[in-house]
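Have a look at the structure below, then the notes.
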Amino acid sequence: ENFSILAGLLEDYSLDVPLSGKGPFTVFAPTNDAFAALLEAIPDVLENRELVDAVLKYHVIEESALKSDDLSNGQVATLNGKSIMIDTTDGVKINAANVIVPFDVEVSNGVVHAIDKVLIPPSE
């Protein structure tokens with residue numbers, strides 16, 4: 001229920017199909033509150049299909065199912081080709097987002113971690 005916006009967007013952008021494939025994947029899943037904060041800051045963000053597609057893919061690491069203990073400091077490439085920065089110095093941060101409960105949620109083709117902010121890929 002706390003991820004209904006993300007689930008709806010994945011379905012709208014037909015990303016639910018590849019993400020239901022063999023994997024493995026690591027998904028950093030923004031909560032509904034994270035999407036609400038984004039929509040408050042940028043009300044028309046969901047109207048830009050290209051940006052939303054890039055944002056959704058920026059939350060996925062393919063070919064790895066990484067649990068919290070497997071994460072280490074450094075950059076990791078995402079499904080959209082841009083890298084995220086993982087910082088495990090004080091808890092786990094992905095760029096400026098905190099990994100929150102639930103984390104290490106095992107699914108049939110990978111691992112899902114909840115995060116408290118929507119990750120926006122760099123524009124270049």
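With each pseudo-label sitting 7 Å past Cα toward Cβ, what's the residue 16-residue 98 distance in nm, one decimal?
Inter-label distance under the simple model: 3.1 nm.
Between residue 107 and residue 7, how many nm apart are label points set 7 Å from Cα along the C-beta direction?
Placing both labels 7 Å beyond Cα along the Cβ direction yields 1.0 nm.
Restricting to Cα pairs below 8 Å that are 6+ residues apart, what does the relative contact order work out to for the chain? Please round to a whole percent.
Relative contact order here is 29 percent.
Expected output is a single nm value to one decimal: the length gained when fully extending between residue 83 and residue 67, i.e. 0.36 nm times separation in residues minus the C-alpha distance. What is it?
So the chain would gain 4.0 nm between residue 83 and residue 67.
How much of the accessible area of the range 47-115, in percent, comes from carbon and sulfur atoms when a 1.4 Å probe is used?
Values: 1740 of 3750 Å².
Whole-percent figure for carbon plus sulfur exposure: 46.
For the range 16-99, what D do you get in µm² per second when you plug the Kirkwood radius from alpha-carbon pairs into Stokes-Einstein at 25 °C and 0.890 mPa s?
177 µm²/s
The values are calculated or read from the model by the stated rules, or taken from the named source; none is laboratory data. Computed from a prediction, not measured in an experiment: that's the story for all the values here. A quick note on method: Cβ atoms are made from the backbone with ideal geometry, for glycine too, and the neighbour counts reach across all protein chains shown. For accessibility, only protein heavy atoms count, side chains too; no ligands or nucleic acids. Shrake-Rupley method; radii C 1.70, N 1.55, O 1.52, S 1.80 Å.
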